[in-house]
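Asker: Have a look at this one before I ask anything.
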Amino acid sequence: MRNVTLDTVTDAVIGSLGKFGEIDDRQREIMTSLVTHLHGFVRDVNLTHAEFLAACDYLARAGQLTNDKRQEFILLGDILGVEVLVDMLSNPVSGNESESTVLGPFYRENPPVLPKGASTIQKHFDGEETVYVEGYIRDADGNPVAGATIDIWEDAPNGLYENHDPDQPDFNLRGRFETDENGHYALIALRPVPYPIPEDETAGELLHYMGHHPNRPGHLHFIISKDGYRPLITQIYDADSDWLDNDSVFAVKESLIGKFEPAPAGSDTDLVLRFDFVLSEAQAARMQAAE
Ligand code: BEZ
Ligand code: FE
């Protein structure tokens, strides 16, 4: 189309979708909405050309920063509340199942496989508090989920995940556990401390532009999976941590807050955290049961 105007440019772009190459319904839906909202945003703020060029430069720098250790676009999505929004849309809670929350950028595949009750601690820190974490994984009817895989990861008392800290051993404070025949899991870890998400470079620029702080409350990450159930990506938050009410990535849910209690005298750890999870059946299993 020639001679687009302020009044016709949005329809011109939408009308061009699929004209010179096949696109499916989902591509059409996504691109129609993207163009509508993006043009709406540009009109709303009357974006200047200098601001457009600054945004292009910003995105280019975010891309250049991204490597196998730093995923800048997940971080930017987290700061904007997009990951938590996508998570809530993808994992609606309709019954008593545990709530999910953001994965974040620090998960590593294939953590060390550890027996029930083992410790993820490979390095000790001054002032650390050790914690025995245990609980049950059940289905929505209260039946134990035996043989569920639990990946866990957390930051060290210096606020760093091991893959961002050259002074920590590989896979420190990470592990893969399995529930026993009663759906019980147990492990030893460190009390997680609040930490700032990376606030240098483009993530920091966005935080500052928004007048935000970078901090997250202390939390333990979990991915719980078992065939036939929806994988649960979630976190447990320390009830006594700072930042529970203004997490920089908007990911705290009341139902995911756990109390770290002093361990009974004679225990191997300083603290105990008991936390149970409820898995929901995978969609396919739910549909089969309904047939
Ligand atoms: C995290 O919890 O590891 C995390 C989540 C979102 C952004 C940065 C870190
Ligand atoms: Fe984290």
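Asker: Filter segment 198-237 for residues that are under 14 Å from Leu76 (Cα atoms) and of a type in the set (Ser, Thr, Tyr); which is nearest to ligand 2 (Cβ to nearest atom)?
Answerer: By that ranking, first place goes to Thr202.
Asker: Follow-up question, since we're still on this one. Could you please let me know if Ser280 is more than 16 Å from ligand 2 (Cβ to nearest atom), surrounded by fewer than 19 Cβ atoms within 10 Å (Cβ to Cβ) and not β-branched (Val, Ile, Thr)?
Answerer: So Ser280 does not fit the description; no.
Asker: Considering each residue of segment 223-269, count those that are small (Gly, Ala, Ser), over 21 Å from Gly175 (Cα atoms) and touching a residue at least 24 places away in the same chain (Cβ under 8 Å), and give that number.
Answerer: Of the residues in segment 223-269, 7 are small (Gly, Ala, Ser), over 21 Å from Gly175 (Cα atoms) and touching a residue at least 24 places away in the same chain (Cβ under 8 Å).
Asker: Now, a different point. Exactly one of these conditions fails for Pro111: (1) surrounded by 15 or more Cβ atoms within 10 Å (Cβ to Cβ); (2) within 16 Å of ligand 1 (Cβ to nearest atom); (3) over 20 Å from Phe177 (Cα atoms); (4) not basic (Lys, Arg). Give me its number.
Answerer: That leaves (3) as the condition not met.
Asker: Taking into account only those residues within segment 1-24 that are out of contact with any helix residue (DSSP H, G or I) (no Cβ under 9 Å at 6 or more places or on another chain) and assigned to a helix (DSSP H, G or I), which is farthest from Asp44 (Cα to Cα)?
Answerer: Only one residue tops the list, namely Gly15.
Asker: Restricting attention to segment 86-104, report how many residues are within 15 Å of ligand 1 (Cβ to nearest atom) and hydroxyl-bearing (Ser, Thr, Tyr).
Answerer: 2
Asker: Show me the strands (runs of 3 or more DSSP E) found entirely inside segment 157-252 where at least 2 residues are within 16 Å of ligand 1 (Cβ to nearest atom), of a type in the set (Ser, Thr, Tyr) and buried (at least 20 other Cβ atoms within 10 Å of the Cβ).
Answerer: 232-238
Asker: Tell me which of these Lys116 doesn't satisfy, since it passes every other one: (1) buried (at least 16 other Cβ atoms within 10 Å of the Cβ); (2) of a type in the set (D, E, K, R); (3) in contact with an Asp or Glu (Cβ under 7 Å, 6 or more places away or on another chain).
Answerer: Just one mismatch for Lys116, condition (1).
Asker: Of everything in segment 119-155, what is closer than 16 Å to Pro169 by Cβ, away from ligand 1 (no atom under 16 Å from the Cβ), of a type in the set (A, V, I, L, M, F, W, C) and buried (at least 16 other Cβ atoms within 10 Å of the Cβ)? Give them in sequence order.
Answerer: Scanning segment 119-155 gives a single hit, Ile121.
Asker: Let me spell it out: the conditions are (1) more than 28 Å from Leu271 (Cα to Cα); (2) away from ligand 2 (no atom under 16 Å from the Cβ), and Ile74 meets all of them except one. Which number is the exception?
Answerer: (2)
Asker: Here is a follow-up. May I ask you to verify whether Ser98 is assigned by TED's automatic domain parsing to the domain that holds Ala282, of a type in the set (Gly, Ala, Ser), buried (at least 18 other Cβ atoms within 10 Å of the Cβ) and under 20 Å from Leu273 (Cα atoms)?
Answerer: For Ser98, the condition - assigned by TED's automatic domain parsing to the domain that holds Ala282, of a type in the set (Gly, Ala, Ser), buried (at least 18 other Cβ atoms within 10 Å of the Cβ) and under 20 Å from Leu273 (Cα atoms) - is met.
Asker: Sort out for me the helices (runs of 4 or more DSSP H) sitting completely within segment 46-144 that have 3 or more residues that are more than 27 Å from Ala251 (Cβ to Cβ).
Answerer: 49-65
Asker: Please go through segment 145-170 and pick out each residue that is closer than 19 Å to Thr234 by Cα and touching a residue at least 40 places away in the same chain (Cβ under 8 Å).
Answerer: Within segment 145-170, Val145, Gly147, Ala148, Thr149, Ile150, Asp151, Ile152, Trp153, Glu154, Asp155, Tyr161 qualify.
Asker: Let me ask something else about it. Quick one: which residue in Pro217, Pro198 is at pLDDT below 95 and more than 28 Å from Pro144 (Cβ to Cβ)?
Answerer: The conditions single out Pro198.
Asker: Under 9 Å between Cβ atoms, at least 6 apart or on separate chains: pull out the pairs that start in segment 194-209 with a residue that is at positive phi and end on any residue that is surrounded by 15 or more Cβ atoms within 10 Å (Cβ to Cβ) and of a type outside the set (Asp, Glu).
Answerer: Taking only residues 6 or more apart or on different chains, the pairs are Glu201/Ala62; Glu201/Leu65; Glu201/Arg70.
Asker: Check Gln71 against each of (1) in contact with a Pro (Cβ under 8 Å, 6 or more places away or on another chain); (2) closer than 27 Å to Asp227 by Cα; (3) not hydroxyl-bearing (Ser, Thr, Tyr) and name the one condition it does not meet.
Answerer: With respect to (1) in contact with a Pro (Cβ under 8 Å, 6 or more places away or on another chain); (2) closer than 27 Å to Asp227 by Cα; (3) not hydroxyl-bearing (Ser, Thr, Tyr), Gln71 is out only on (2).
Asker: From the list Thr48, Thr101, Thr66, which one is among the β-branched types (Val, Ile, Thr) and touching a residue at least 12 places away in the same chain (Cβ under 8 Å)?
Answerer: From the options Thr48, Thr101, Thr66, the qualifying one is Thr101.
The values are calculated or read from the model by the stated rules, or taken from the named source; none is laboratory data. Quick caveat, the model's predicted, so the values are computed rather than measured. With ideal geometry, Cβ positions are generated from the backbone for all residues, glycine too; neighbour counts draw on all protein chains shown.
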